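Written below as structure tokens is the structure these notes are about.
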């Protein structure tokens, strides 16, 4: 059985992601961590958290990779994130919308295993501003 290391950096990075209402980029996470760890360590921890099924990656429409907490159905090596991601064009936040699951209809002999939907627009916070 593989032992999962829990370092201070891993715990803090996971807490930053769990406490956020929106997905965070590597840069966002680094800013929140301050001097806790360098950017390479942050990348390695994020990769490990993703492999352990604790966070998932979202590639934004502008190519920025964001990280969000997993919903609880994920496990090591297997993610279940077939939900919608909302990208705000104003503040550039990325929000997981769990209760909207797009329906996929593929031609015969195509098998969908995972997908990533990103809808762009203006988030409620920016609409009110």
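Throughout, read-outs are computed from the coordinates displayed, never taken from laboratory work. Computed from a predicted model, the values in this text were never measured in an experiment. Cβ sites come from the backbone with ideal geometry, for glycine too, and all protein chains shown count toward neighbours.
Taking every DSSP beta bridge that has both residues in the chain, what percent is antiparallel when rounded to the nearest 5?
70
What's the exposure ranking of 117, 67, 86, going from fewest to most Cβ atoms within 10 Å?
The order, fewest Cβ neighbours first, is 117, 86, 67.
Express in whole angstrom the spacing between the alpha-carbon centres of the stretch 35-75 and the stretch 79-129.
Answer, in whole Å: 17.
Tell me, what is the percent relative contact order of the chain, built from C-alpha pairs under 8 Å that lie six or more residues apart?
RCO, the chain: 22 percent.
For the stretch 8-128, what does the alpha-carbon gyration tensor say about shape, rounded, prolate or oblate, given a ≥ b ≥ c as the root eigenvalues, a/c under 1.5 as rounded, and a/b over b/c as prolate?
Note, shape of the stretch 8-128 comes out oblate.
Quick check: pseudo-label points 7 Å beyond the Cα along Cα→Cβ at residue 71 and residue 120, how many nm apart are they?
Here the answer is 2.5 nm between the modelled labels.
Mind checking the full-extension length gain between residue 59 and residue 97? Use 0.36 nm per residue of separation minus the Cα-Cα distance, one decimal, nm.
Contour length minus Cα-Cα distance gives 12.2 nm.
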